[in-house]
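Have a look at the structure below, then the notes.
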């Protein structure tokens, strides 16, 4: 607990008197960065030279790899070396947070569950809240420590709570990465400490970030700027300063080690559009945040989400030939919002293409048409029109019964 008291004293001094945290607080071993803690510019807004940002041109970022993705469509708006395999540092925790959040939303665990810290979790080092072996916290508190303070010990404790061991949890991480198509990724641990073969790419970070922000649960944590644990004894400041300084910021995670450099996956939402800016291998803390800011600014300046003007109720039932019913009810798949360049909304049109009839027998779910979304006359998306009921083919027996009913029934 001695380290904790020192950290509390230093951080309290900073918070009270408004000084920036010293770069000396970045923990090093033999000159190698092993944690991110707080860099010397944590309380300063990222500086970006306006002269270097033509808003209609993808920005240049001083980093090994970058990706800007729109969240609802998964479309990449700009990228640099997107599939280069790099050390991810603590942005590894995006997958850890995803698995924990999925477990909460699926009812496997609760935010009120009590997590007991193992010897292994307490031994993590690096960014931490100095958990003691046997110390307990709720899932809610551990999540806050991992998401806000990038605590390695809390991340591993959560991993063990879900899978029984960090090794078992890492297997889950890699399986989930495979499901998401993260082909550049191999996880070796749950917190992001440098380890041989622990690699991912900016593209894959964007993919798992997109999956994580589908869960509103996590944004309760990733949008926190400052908070505390242990009844106020442990102070937390978000390692992602864009949460404080960038309009619409929703998260997400930073990472820093000597091998990884300065990394961030930054998410922000404005006017119904959410963007994910990934910067890996940044040259400095300020460069990673300034780079993410430039990417987000470029996205919001040039792209927007629009809803096509279409009413599904205007699509009529389809005629059934030789069926026991003359028509079949139909339904239209959800017409998705479209990501377009700003100013192109007037060019969006919707065409309904539907068969004149369908032959009996008709099975529920049979596609009988489609809705085509066009931008300036070019198709950019489509959705199916399908039947919602089964209709048998008319038979001689059915026809005879209908005839008898028509003749003798009033």
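Report yes if residue 91 is buried (at least 24 other Cβ atoms within 10 Å of the Cβ) and in the same structural domain as residue 266 (by TED's automatic domain parsing), otherwise no.
yes
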Legend entry - Lone qualifier among 324, 320 - being farther than 30 Å from residue 257 by Cα and surrounded by fewer than 18 Cβ atoms within 10 Å (Cβ to Cβ): 324
Legend entry - Those residues of the range 62-88 which are at pLDDT 95 or above and within 15 Å of residue 289 (Cβ to Cβ), in sequence order: 63, 66, 68
Legend entry - Which listed residue is in contact with a strand residue (DSSP E or B) (Cβ under 6 Å, 6 or more places away or on another chain), surrounded by fewer than 20 Cβ atoms within 10 Å (Cβ to Cβ) and assigned to a strand (DSSP E or B), from 269, 253: 269
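Here is a yes/no grid of residues against (1) in a helix (DSSP H, G or I); (2) at positive phi; (3) modelled with pLDDT of 95 or more; (4) in the same structural domain as residue 62 (by TED's automatic domain parsing):
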{"site": "331", "(1), (2), (3), (4)": "no, no, yes, no"}
{"site": "384", "(1), (2), (3), (4)": "no, no, yes, no"}
{"site": "403", "(1), (2), (3), (4)": "yes, no, no, no"}
{"site": "410", "(1), (2), (3), (4)": "no, no, no, no"}
Legend entry - Of all residues in the range 143-169 being without any contact (Cβ under 8 Å) to a residue 40 or more places away in the chain and closer than 12 Å to residue 130 by Cα, the one that is surrounded by the fewest Cβ atoms within 10 Å (Cβ to Cβ): 153
Inset, instruction - Among the residues of the range 302-323, write down those that are closer than 18 Å to residue 73 by Cβ and not in a loop (DSSP other than H, G, I, E, B). - result: 302, 303, 304, 305, 306
Inset, instruction - May I ask you to verify whether residue 391 is surrounded by fewer than 17 Cβ atoms within 10 Å (Cβ to Cβ) and either touching a strand residue (DSSP E or B) at 6+ places or on another chain (Cβ under 6 Å) or within 29 Å of residue 73 (Cβ to Cβ) (or both)? - result: no
Inset, instruction - Could you grab me the full set of residues in the range 56-82 that are surrounded by fewer than 23 Cβ atoms within 10 Å (Cβ to Cβ) and assigned to a strand (DSSP E or B)? - result: 70, 76, 77, 78, 79, 80
Legend entry - Filter result (over 20 Å from the mean Cα position of the chain (by Cα) and outside any loop (DSSP other than H, G, I, E, B)) within the range 233-244: 234, 235, 236, 237
Legend entry - Considering residues of the range 214-232 that are assigned to a loop (DSSP other than H, G, I, E, B) and in contact with a helix residue (DSSP H, G or I) (Cβ under 7 Å, 6 or more places away or on another chain) only, the residue nearest to residue 300 (Cα to Cα): 223
Legend entry - Set 336, 307: member being surrounded by fewer than 18 Cβ atoms within 10 Å (Cβ to Cβ), outside the structural domain of residue 357 (by TED's automatic domain parsing) and farther than 29 Å from residue 360 by Cα: 307
Legend entry - Selected residue (criterion: surrounded by the fewest Cβ atoms within 10 Å (Cβ to Cβ)) from residues of the range 176-203 that are part of a helix (DSSP H, G or I) and in contact (Cβ under 8 Å) with a residue 60 or more places away in the chain: 176
Legend entry - Number of the exception - residue 241 against (1) within 18 Å of residue 150 (Cβ to Cβ); (2) crowded, with 22+ Cβ neighbours inside 10 Å; (3) at pLDDT 95 or above: (3)
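The values are calculated or read from the model by the stated rules, or taken from the named source; none is laboratory data. This structure is a prediction, so every number in the text was calculated from the model and none was measured. All Cβ positions, glycine included, derive from the backbone under ideal geometry; neighbour counts span all protein chains shown.
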